[in-house]
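Accompanying notes for the structure given below.
The values are calculated or read from the model by the stated rules, or taken from the named source; none is laboratory data. In this text, all values refer to a predicted model and were calculated from it rather than measured experimentally. Note that each Cβ is placed from the backbone with ideal geometry, even for glycine, and that neighbours are counted across all protein chains shown.
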Amino acid sequence: MDSSAAAVALLDTTVASFLHPKKAESNDRRLYTPHMVGKTPALSFQTVAELFGWAERNRWGARQKLGLEEFLRSFLVLDSDIELSKVWAEVMEASRREGRRLESGDCWIAASAVRYGIPLLAHDADFLGRSIPGLVVISHLHVGHPESSA
C-alpha cells in the first residue's frame, strides 16, 4: 500500500459483521459508519477466515455461503506476506511485553493495521488500551462495557 493508505480503514471481524445487509438498522453499525466515509473498507485475511468459520460453525447452506462471498467482495482484502509476518512477530512481542498477549488471530488483524499504516475500527476489547507502536484503534467500546469482557 502507498499514500492511498489514508483512504483505507481496516475493520475487525465484529465491525465487518455490523456491515452485513441483515444488520442495516444496527445501532453498532451506525457508530462505525462515520469512520468509513470516503474510505475503502478493508479486511485482514484473518477476518475473512473468521467469517467463513462462523458460517461453518452455524452450518450455513450453499446459498448463505454464496451470500457471504458476495458480501466479502465489497472489501479490500489484505493478504499475508513475509513483511506482514515480521510485523505480526513484532506486535505479538510488544503485546507480551506489556503483559497483555493477543490471540494469534487478533494479532494478524492488528499487524495488518500496523503494516499498512491504517486505522483499525474494532469492537473488541482485546484491542483497547494497547501501546503497540503504529497501532491506531478506533472503537466505541469502553473498558467496563459488558461486551469488553467477552
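Of all residue pairs spaced 6 or more apart or on separate chains, those with beta-carbon atoms under 8 Å, a first member in segment 42-65 that is on the phi < 0 side of the Ramachandran plot and a second member that is among the hydroxyl-bearing types (S, T, Y) and not in a helix (DSSP H, G or I) are F45/S80. Residues in segment 75-115 that are part of a helix (DSSP H, G or I) and among the polar types (S, T, N, Q): S85, S95, S104, S112. Just so you know, in segment 94-103 the residues that are surrounded by fewer than 20 Cβ atoms within 10 Å (Cβ to Cβ) and under 19 Å from S44 (Cβ atoms) include one that is modelled with the lowest pLDDT, and it is R101.
Out of I132, I109, report the one residue that is of a type in the set (V, I, T), out of contact with any Pro (no Cβ under 9 Å at 6 or more places or on another chain) and in contact (Cβ under 8 Å) with a residue 60 or more places away in the chain. So the residue among I132, I109 that is of a type in the set (V, I, T), out of contact with any Pro (no Cβ under 9 Å at 6 or more places or on another chain) and in contact (Cβ under 8 Å) with a residue 60 or more places away in the chain is I109. Residues that are without any contact (Cβ under 8 Å) to a residue 40 or more places away in the chain, out of contact with any helix residue (DSSP H, G or I) (no Cβ under 7 Å at 6 or more places or on another chain) and surrounded by 10 or more Cβ atoms within 10 Å (Cβ to Cβ) within segment 25-41 comprise R30, T33, P41, listed in sequence order.
Within segment 116-131, the set of residues being closer than 17 Å to A42 by Cα and either part of a strand (DSSP E or B) or among the polar types (S, T, N, Q) (or both) comprises L120, L121. Within segment 46-65, being at pLDDT 95 or above, surrounded by fewer than 15 Cβ atoms within 10 Å (Cβ to Cβ) and of a type in the set (A, V, I, L, M, F, W, C) holds for A49, A62. With the structure loaded, tell me whether S80 is of a type in the set (S, T, N, Q), closer than 14 Å to R115 by Cβ and in contact (Cβ under 8 Å) with a residue 60 or more places away in the chain or whether it fails that test. Taking the combined requirement at face value, the residue does not satisfy it.
When residues of segment 104-135 are filtered for being exposed (fewer than 15 other Cβ atoms within 10 Å of the Cβ) and at pLDDT 95 or above, how many remain?
Residues that pass the stated criteria total 2.
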